[in-house]
Every structure is written in structure tokens, then in C-alpha cells.
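J.: Pasting a structure here, questions to come.
The values are calculated or read from the model by the stated rules, or taken from the named source; none is laboratory data. Just so it is clear, the structure is predicted and the values come from calculations on it, not from any experiment. So basically every Cβ, Gly included, is an ideal-geometry build from the backbone, and we count neighbours across all protein chains shown. The protein model used for the area step is the full one, side chains on, heavy atoms only, and it has no ligands, DNA or RNA in it. Shrake-Rupley method; radii C 1.70, N 1.55, O 1.52, S 1.80 Å.
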Amino acid sequence: MKNNIEKKFREIPTPFYYYDLDVLNETCRKVKEESEKSDFSIHYAVKANANPRILGIIESYGFGADCVSYNEIERALQCGFSPKDIVFAGVGKTDREIESALKARISCFNCESIAEIEVIDSIAGRLEMNATIALRINPYIEAHTHKYITTGIAESKFGISTWELKDVLERIATLGNVTLDGIHFHIGSQITLMSVFKSLCSRVNELQEWFSSQNIDLKSINLGGGLGIDYNNPDRAPDFDEYFSLIRELIRIRPGQKIHLEPGRSIVAQCGSLITKVLYIKKGSNTTFAVVDAGMTDLIRPALYQAHHEIQNLSSDGKTAKYDVVGPICESSDTFAKFIELPETSRGDILAIRSAGAYGEIMASRYNLRDLPGAVFSDEL
Ligand SMILES: *Cc1c(COP(=O)(O)O)cnc(C)c1O
């Protein structure tokens with residue numbers, strides 16, 4: 001991060017999220033270029049960051065939106081996404097959400113159980129509408145990521161099991177108000193091993209054979225999101241080349257079919273940093289604490305997923321020492337980093353907690369009745 005920015009940061013009340021729009025635009029350009037090579041359709045996963053400014057930029061690249069609540073759908077619509085480019089996922093859609101989404105004429109419900117499909121069918125029937133659905137299938141693939149963000153293994157609550165698919169198809173055949181469009185997968189998040197996506201592609205190819213054997217034509221194959229970023233190198237772009245070319249090579253597409261992808265983190269993570277001020281330096285028995293004014297209420301990833309974020313002291317370039325960077329919240333898990341090397345740090349220094357654009361601002365809470373963090377964009381400075 002540029003060091004001359006520190007002076008500008010000093011004039012803004014901390015903590016706040018800083019979004020570098022050049023990075024966001026560069027990332028979107030790259031994803032657009034890669035997706036156009038193979039005519040893949042991109043639905044950005046809104047839950048990673050639903051800041052209206054960020055959504056507006058993402059929409060301007062022609063991407064659609066993957067939403068997991070009706071409020072996300074509403075936000076996406078407000079930010080300019082067209083209903084025909086919005087898909088609705090989630091294991092627990094409420095009746096009210098389903099009704100609102102139908103009325104908004106979104107393009108597809110990604111369904112996770114027979115029970116849900118029956119409810120969608122009955123609500124669509126009452127509204128004299130037809131719902132386009134896709135089946136989210138649990139492919140039983142270990143994503144090799146944190147257990148809280150692994151979603152495609154046997155014990156996951158997500159998706160329909162393959163042993164149940166025959167029953168699901170039989171049930172759908174009896175329902176008059178739903179149309180099956182395709183199949184959907186999302187096996188987890190922060191996936192950094194390309195072999196995981198390779199396994200997913202082979203599994204999808206096998207499942208396609210099975211659907212063909214049942215005389216079902218699938219128009220869309222949605223591989224979900226999950227591409228990880230390098231949290232150790234905040235200025236490094238995600239491996240979009242490798243990811244997209246792997247899918248292009250391995251997925252066997254049939255005539256008339258479209259591949260859908262739902263990247264969330266990989267689009268927004270690197271453009272955001274949480275900017276915080278050092279309140280106190282405090283000697284512990286075997287460490288030095290840098291107590292900062294941001295806490296787990298502003299960025300919960302370290303506390304929730306033991307996530308690593310690079311931290312930079314933008315105010316100091318002195319001799320380095322070891323610090324634990326901790327927040328003010330009354331929880332011991334409110335720690336951003338333990339025993340990390342920083343230039344000599346003092347009260348008033350400005351720190352940047354990097355790669356915080358995804359699952360950062362959007363997961364902020366008001367625990368301890370704290371204020372929510374602000375958002376500042378690079379073109380405002
Ligand atoms: C969360 C989610 C995504 C995005 O995952 P990332 O790891 O952020 O890319 C995509 N699809 C679905 C259904 C999701 O729930």
C-alpha cells in the first residue's frame with residue numbers, strides 16, 4: 001500500500017474499510033476477459049461484499065448476482081442488476097423470500113431439498129407463475145479449506161445428495177409450476193488447491209452422464225464459487241488464468257449448455273483493507289500488545305476462521321519488533337495477529353489490515369454496541 005496515503009487516512013475517523021477501486025476494476029476486467037474466452041456466465045456472490053458502491057462497479061462489467069437472501073436480491077436490484085441476471089441460493093429460503101423473489105422475476109432458484117422445491121412450486125402456483133429452478137447437488141468433495149467453509153462433504157447441510165436425485169426428478173415431474181434448468185454446486189470457500197476444482201469437474205461430468213441417462217437436458221451447469229486468494233501476498237491477484245483454463249479444459253459441455261460461475265471472495269478480497277489506529281502499546285508477560293481501535297466486530301475472520309491477514313504499519317519504518325495486534329472487544333478471540341513482526345509501533349500509528357474486502361465489512365456487528373466501520377473509496381481521497 002502506498003505510504004503517502006497515511007496522511008490522508010489520519011484525517012478520517014478510524015476504523016474504516018478502505019477500498020482501492022483500481023484493484024477492483026483490474027480484477028473485474030480480468031474476470032470478464034477470462035469468462036468471455038469461453039462464454040461463461042459470472043454471477044458475483046453478493047454475500048462477500050454488498051457495499052452499494054462495490055456492487056455498482058461489479059454490475060458495470062456485465063456480471064450477474066448470486067444472492068442468498070431476499071434482502072440481497074433487493075440490494076442487487078437497487079444497484080442496477082437486472083432480475084434476469086440474479087440467482088437465489090440458500091438452504092433456508094423463507095416463504096416470504098420465495099414469494100418476493102418470484103414477483104421480482106429473478107432468473108433461477110438454486111434448490112437444496114425436495115421440501116423446498118415443493119414450497120416453491122406451491123407459491124408459484126398461487127401466484128400463477130412458473131419458477132425456474134436448478135438443483136444444488138452435494139458432490140461429496142473435500143475442499144481442503146477451513147471446516148466452517150467446507151460445504152460439499154457428506155455431513156454438510158448444503159445440497160441434495162446424489163442418492164436422492166432419482167426421487168427428486170420423479171417429484172419434479174409431478175409439479176406443474178417449476179421448470180428444471182440445470183444443476184448447481186458450491187463446495188466451499190478459500191479453495192487454493194486446483195486439484196479440488198479438478199475433482200469437481202470430473203464429478204460434474206459423471207453426473208451429466210447420469211442426467212442424460214434419465215433423458216434430462218440441462219441448460220446450465222453452475223460450478224459455484226470458492227476460488228481462494230493468497231492472504232500472505234495482499235498485492236497478488238487471484239489465479240484466474242489457472243482456474244478458468246482448468247474448467248475450460250476439463251468440463252464437458254453439451255450443445256446449448258452454459259457454464260455459470262459464482263466468484264465472491266476472489267473478486268473483492270484484495271481491494272479492501274481495514275484501517276485502524278493504535279490506541280495503546282502494552283507489555284504482556286511474554287509479548288507486546290498493540291491494542292488497536294478495530295476489533296472482531298469490524299473484521300471477524302481471524303476470530304471465526306483463524307484467518308491470517310497481513311498487517312502493515314503505515315506510520316513507521318523503524319526497527320522491527322514482535323507484536324500481538326489485538327482489538328478492544330471483551331473476547332480473547334479478538335486478536336488480529338499473534339507475534340508478528342512490525343516496525344516499531346506507537347500510539348497513534350495507522351495500521352492496514354490487508355485483504356479484507358471479502359467477508360469483512362459485510363460481517364461487521366454491533367457487539368459491545370460499537371459503531372459500524374465506515375467505508376472510504378480510493379477516488380474520494
Ligand atoms: C458463498 C457462495 C459463493 C461464493 O463463494 P466464494 O468463496 O466467496 O467465491 C458462491 N456460491 C454460493 C452458493 C455461495 O453460497
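J.: Of the numbered conditions (1) open to solvent by less than 20 Å² (accessible area, probe 1.4 Å); (2) in contact with a strand residue (DSSP E or B) (Cβ under 8 Å, 6 or more places away or on another chain); (3) part of a loop (DSSP other than H, G, I, E, B), Glu142 fails exactly one; give the number of that condition.
T.: (1)
Conditions (1) within 16 Å of the ligand (Cβ to nearest atom); (2) in contact with a strand residue (DSSP E or B) (Cβ under 7 Å, 6 or more places away or on another chain), marked per residue:
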{"residue": "Asn233", "(1), (2)": "no, no"}
{"residue": "Phe240", "(1), (2)": "yes, no"}
{"residue": "Phe244", "(1), (2)": "yes, no"}
{"residue": "Glu262", "(1), (2)": "yes, yes"}
{"residue": "Gly272", "(1), (2)": "yes, yes"}
{"residue": "Lys283", "(1), (2)": "no, no"}
{"residue": "Asn286", "(1), (2)": "no, no"}
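J.: Can you find even one residue in the stretch 152-159 that is buried (at least 20 other Cβ atoms within 10 Å of the Cβ) and within 23 Å of Leu77 (Cβ to Cβ)?
T.: No; the residues of the stretch 152-159 include none that is buried (at least 20 other Cβ atoms within 10 Å of the Cβ) and within 23 Å of Leu77 (Cβ to Cβ).
J.: From the list Val278, Val291, exactly one residue is hydrophobic (A, V, I, L, M, F, W, C), touching a Leu at 6+ places or on another chain (Cβ under 7 Å) and surrounded by fewer than 21 Cβ atoms within 10 Å (Cβ to Cβ). Which is it?
T.: Numbers: Val278 fails: surrounded by fewer than 21 Cβ atoms within 10 Å (Cβ to Cβ).
Sole residue among the options that is hydrophobic (A, V, I, L, M, F, W, C), touching a Leu at 6+ places or on another chain (Cβ under 7 Å) and surrounded by fewer than 21 Cβ atoms within 10 Å (Cβ to Cβ): Val291.
J.: Right, another one. How many of the residues making up the stretch 246-257 are surrounded by fewer than 18 Cβ atoms within 10 Å (Cβ to Cβ) and within 16 Å of the ligand (Cβ to nearest atom)?
T.: Number satisfying all stated conditions: 1.
J.: Answer yes or no: is there a residue in the stretch 316-339 that is in contact (Cβ under 8 Å) with a residue 40 or more places away in the chain, within 16 Å of the ligand (Cβ to nearest atom) and surrounded by fewer than 21 Cβ atoms within 10 Å (Cβ to Cβ).
T.: Checked against the condition, which is being in contact (Cβ under 8 Å) with a residue 40 or more places away in the chain, within 16 Å of the ligand (Cβ to nearest atom) and surrounded by fewer than 21 Cβ atoms within 10 Å (Cβ to Cβ), the stretch 316-339 yields no hits at all.
J.: Among (1) in contact with a His (Cβ under 8 Å, 6 or more places away or on another chain); (2) within 16 Å of the ligand (Cβ to nearest atom); (3) open to solvent by 60 Å² or more (accessible area, probe 1.4 Å), there is one condition Met363 misses while meeting the rest; what is its number?
T.: For Met363, the failing item is (1).
J.: So, of the residues in the stretch 172-191 that are among the hydrophobic types (A, V, I, L, M, F, W, C) and farther than 16 Å from Ala89 by Cα, which turns out to be most open to solvent (accessible area, probe 1.4 Å)? Talk me through it step by step, then tell me what you get.
T.: Taking the stretch 172-191 and keeping what is among the hydrophobic types (A, V, I, L, M, F, W, C), we get 172-173, 175, 178, 180, 183, 185, 187, 191.
Still in the running and farther than 16 Å from Ala89 by Cα: 172-173, 175, 191.
Working: Ile172: 19, Ala173: 85, Leu175: 25, Ile191: 1 Å².
The qualifying residue most open to solvent (accessible area, probe 1.4 Å) is Ala173.
J.: Among the numbered criteria (1) within 16 Å of the ligand (Cβ to nearest atom); (2) more than 24 Å from Ser41 (Cβ to Cβ), which single criterion is violated by Gly188?
T.: (2)
J.: Just checking, which of Ile221, Ile267 is open to solvent by less than 10 Å² (accessible area, probe 1.4 Å), at negative phi, within 12 Å of the ligand (Cβ to nearest atom) and in contact with a strand residue (DSSP E or B) (Cβ under 8 Å, 6 or more places away or on another chain)? Don't jump to the end; show me each part of the working.
T.: On the way: Ile221 fails: within 12 Å of the ligand (Cβ to nearest atom).
Of the residues listed, the single one that is open to solvent by less than 10 Å² (accessible area, probe 1.4 Å), at negative phi, within 12 Å of the ligand (Cβ to nearest atom) and in contact with a strand residue (DSSP E or B) (Cβ under 8 Å, 6 or more places away or on another chain) is Ile267.
This table checks each residue for (1) touching a residue at least 60 places away in the same chain (Cβ under 8 Å); (2) of a type in the set (A, V, I, L, M, F, W, C).
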residue	(1), (2)
Ala65	no, yes
Ala89	yes, yes
Thr94	no, no
Thr132	no, no
Arg136	no, no
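J.: Among (1) open to solvent by 50 Å² or more (accessible area, probe 1.4 Å); (2) touching a Phe, Trp or Tyr at 6+ places or on another chain (Cβ under 9 Å), where does Ala375 come up short?
T.: Failing condition for Ala375: (1).
J.: Okay, next question. Considering the stretch 86-109 alone, what residues qualify as being open to solvent by 50 Å² or more (accessible area, probe 1.4 Å) and within 15 Å of the ligand (Cβ to nearest atom)?
T.: Of the stretch 86-109, the ones open to solvent by 50 Å² or more (accessible area, probe 1.4 Å) are 91-92, 94-96, 103, 105.
Of everything in the stretch 86-109, those that are open to solvent by 50 Å² or more (accessible area, probe 1.4 Å) and within 15 Å of the ligand (Cβ to nearest atom) turn out to be Val91, Gly92.
J.: Could you tell me which of the residues Leu369, Leu381 is without any contact (Cβ under 8 Å) to a residue 12 or more places away in the chain and exposed (fewer than 15 other Cβ atoms within 10 Å of the Cβ)? Even if it seems obvious, please write down each step before you answer.
T.: Numbers: Leu381 fails: without any contact (Cβ under 8 Å) to a residue 12 or more places away in the chain.
When all the criteria are applied, what remains is Leu369.
J.: In the stretch 43-85, what residues are buried (at least 20 other Cβ atoms within 10 Å of the Cβ) and polar (S, T, N, Q)?
T.: Asn49, Asn51
J.: Can you find a residue that is open to solvent by less than 70 Å² (accessible area, probe 1.4 Å), part of a helix (DSSP H, G or I) and at pLDDT 95 or above anywhere in the stretch 226-242?
T.: yes
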